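What follows is a single structure, written as structure tokens, with notes after it.
Each value in this text was obtained by applying a stated rule to the coordinates, not by laboratory testing. The structure displayed is predicted, hence computed values, not measured ones. Please note: Cβ atoms are built from the backbone with ideal geometry, for glycine as well, and neighbour counts cover all protein chains shown.
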Amino acid sequence: MLGADKVFMLAMMRGDFSRPVALQGTPRGAIALLAGILFAVMLCAQTAASSPADAPFPDTAELMAQVAQDQKRIESLLSQYTFTDKTTVYALDKKGNVHSQHTDTYYVTPTAFEFFTLHVSHDGKAVSQNNLDEQEKKIEERMKQDERKAQRNESIHPRGQMLFADIIARSNFTPIRWEQIHGLRTVVYAFEPKSTSRPRGSLTDRIAADLRGQMWISPEEKEVVRIEFASVSSLSLGLWGSVRGFQGMAQQQKLQGELWMPIRQEYVAEGRELLKGFRIREVSEFSDYLKATTDVFQQIHSPSSVQATPQ
């Protein structure tokens, strides 16, 4: 179930579950893919304290391999949770001033095969019951399609397509310093693409091989606890247009004692879609993480019955 006006956020980790299928080949669909890269690797907010500067760094290759492996565990755990996604999109002019903004709230819930979103409010106003009913009909039909495909052993829209391991595989990492973040000792790494040539292959491959920035990684947790990123080059999408620039950051907290969950993500992007240029800033806040029930519609209707407690 893919809300037609939710254009920008959270696409990669769960195979673009919150974006219209028709947008996946567009510049804004590509932005959604870029933003969603971070879903399973987001962070706790940084503090000013730091660890001893002379402490030896862990072996970079070994730690990165462990972090990438841990994403498989995260993927499995994420499929057990529902959450609320509140996203505000700011349309910016050339100087970066806001000339319009809209806020949408979604309930996100997993099924046996993929995640679904239910658009519940726009600019603080609840969507109509007719709209909700229509969304639920589409969710139900998509679930039936997934079940039929599974019975025929056909390929199903991937639920947890983790791009973070791909970024690690395609990037060089250099340890810079130790830094303390909310009680966790982390190593700050600079990262950049291994190859200087223009990335090729699928959209996923091109994105994974074209990011640079810094990662705050906890050797104890084997987890990325902060990431700041920017695209290296423009991303051409043929007749659809291009994404010229993309940069941002992300935050997460550890919930339920088992999983790092995103709580906030921000990015700014600009480019051209068909014949029209765009520049946007998007801020997404995630909350109400719950263990999912087997009844997807029950979970959609009561996402805040029990709220997970940050640790």
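Label ASP133 and PHE297 with points 7 Å out from Cα along Cα→Cβ: what is the distance between them in nm?
Going from the ASP133 label point to the PHE297 one covers 1.2 nm.
Modelled label-to-label distance, LYS149 and VAL268, 7 Å Cα→beta-carbon offset: nm?
3.8
What lysines could a cross-link reach from LYS138, if we take a straight Cα to Cα line under 18 Å and drop same-chain neighbours fewer than 8 places away?
The qualifying lysines are LYS6, LYS149.
Simple spin-label model, 7 Å along Cα-to-Cβ: THR174 to GLN66 in nm?
Using points 7 Å along Cα→Cβ, the separation is 2.4 nm.
Full extension from ALA126 to SER76: what is 0.36 nm times the residue separation minus their Cα-Cα distance, to one decimal in nm?
Computed gain between ALA126 and SER76 is 14.8 nm.
Per Stokes-Einstein, at 10 °C and 1.306 mPa s, what whole-number D in µm² s⁻¹ belongs to the stretch 183-289, with the Kirkwood radius over Cα pairs as the hydrodynamic radius?
Value of D from the Cα-based Kirkwood radius: 101 µm²/s.
For LYS72, which aspartates and glutamates qualify as cross-link partners when the Cα separation must be under 13 Å and same-chain residues fewer than eight apart are set aside?
ASP166, GLU223
Can you tell me how much longer the chain between ALA230 and LYS194 gets when fully stretched, taken as 0.36 nm per residue apart minus their C-alpha distance, in nm with one decimal?
11.5 nm
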